[in-house]
1. If Lys and Arg each add +1 and Asp and Glu each add -1, what is the summed charge of the other residues whose beta carbon sits under 10 Å from the beta carbon of D18?
2. Beyond 18 Å, what share of the Cα-Cα pairs of region 23-136 is found? Please give it as a whole percent.
3. How far is helix 33-47 tilted, in degrees, relative to the longest principal axis of the Cα atoms in the chain, given as a value from 0 to 90 rounded to the nearest 10?
4. Rounded to a whole number, what is D in µm²/s for region 5-75 from Stokes-Einstein with the Kirkwood radius over alpha-carbon pairs (4 °C, 1.567 mPa s)?
5. What's the whole-number percent of alpha carbon pairs in the chain lying beyond 27 angstrom?
6. What Cys residues in the chain have no fellow cysteine's beta-carbon under 4.7 angstrom?
7. Could you list which residues have their amide H under 5 Å from that of M184, counting only those 5 or more apart in sequence or on another chain, with H placed in the peptide plane?
8. Pick out, from T66, G21, A80, the residue whose Cα sits farthest towards the positive end of the charge dipole of region 15-105, with +1 on the Cβ of Lys and Arg and -1 on the Cβ of Asp and Glu.
Amino acid sequence: MLVTGIKSKPVYAPLQADTRGRYHLMLGMGVGAAPLLRVIFEMQSAAARVLKNTRVLYVPDGGSATPEIERFRAAAVGNAQTFPGTPALLEEFRSTLARSLMGTRLYVAGTESFIGLAMKIALEFNLNKDEIRAEECGTSARRVYCIHCRATTENVRTNIASCVGCGRWLLVRDHYSRRLAAYMGVMVDAEAPGELPPLKEMFL
């Protein structure tokens, strides 16, 4: 069953600018533009000089250019770039971290799944907790890892979900793995094959 309040579930505070950083890398998707723009406006007030060393990687809703990207560019951000989807953004993010310098600060804004995937890469590059900030916004749909076949099912909104790998019906647990950037899914009818609980939308 689902367990509420489980400690492994990430909790993210609202984004704030860290003007002590020399370089600022921002990742966002969809409604995540608003928190990033808020941080940029904070920088404009406190230390506008850092904006020239700020880079934004952004996935618009629908994958097409939006007014948000023009707002990033209008705010004197050194580099603002859009991507057609999360995989392309994360590929560029990984490449950017590979050549990043000391003093880089990371800001991530978007869905929990988006943040989790970005954090997974950041940890691979040994970024410290004080160098990373994240704010969750948008859908609460989950990324679910099947403990049976190790496949990952994206954008799960219901209490049970069919695994994209093995087809088993999985109970979506509240246990979250930062290493996998996903919630654990376990076979829901292992003891009574074919007996499934009612399908309910849980993560909207």
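1. Values: positive: R20, R105, R133; negative: E42, D130, E131.
It works out to a net charge of 0.
2. Numbers: 2791 of 6441 pairs.
More than 18 Å apart: 43 percent of the Cα pairs in region 23-136.
3. Taking the Cα atoms of the chain, the angle to 33-47 is about 30 degrees.
4. Working: Rh = 13.2 Å.
After rounding, the answer is 98 µm²/s.
5. Working: 7157 of 20706 pairs.
Considering the chain, 35 percent of its Cα-Cα pairs are separated by more than 27 Å.
6. Cysteines of the chain left without a disulfide-compatible partner: C137.
7. Amide H to amide H, under 5 Å and 5 or more residues apart or across chains, M184 pairs with Y145, R173, H175, S177.
8. My answer, from the dipole projection, is G21.
The numbers here are math on the coordinates, done by the rules we state, and not lab data. Just so you know, these numbers come straight off a predicted model, no measurement behind them. Cβ: placed from backbone, ideal geometry, glycine included. Neighbour counts: every protein chain shown.
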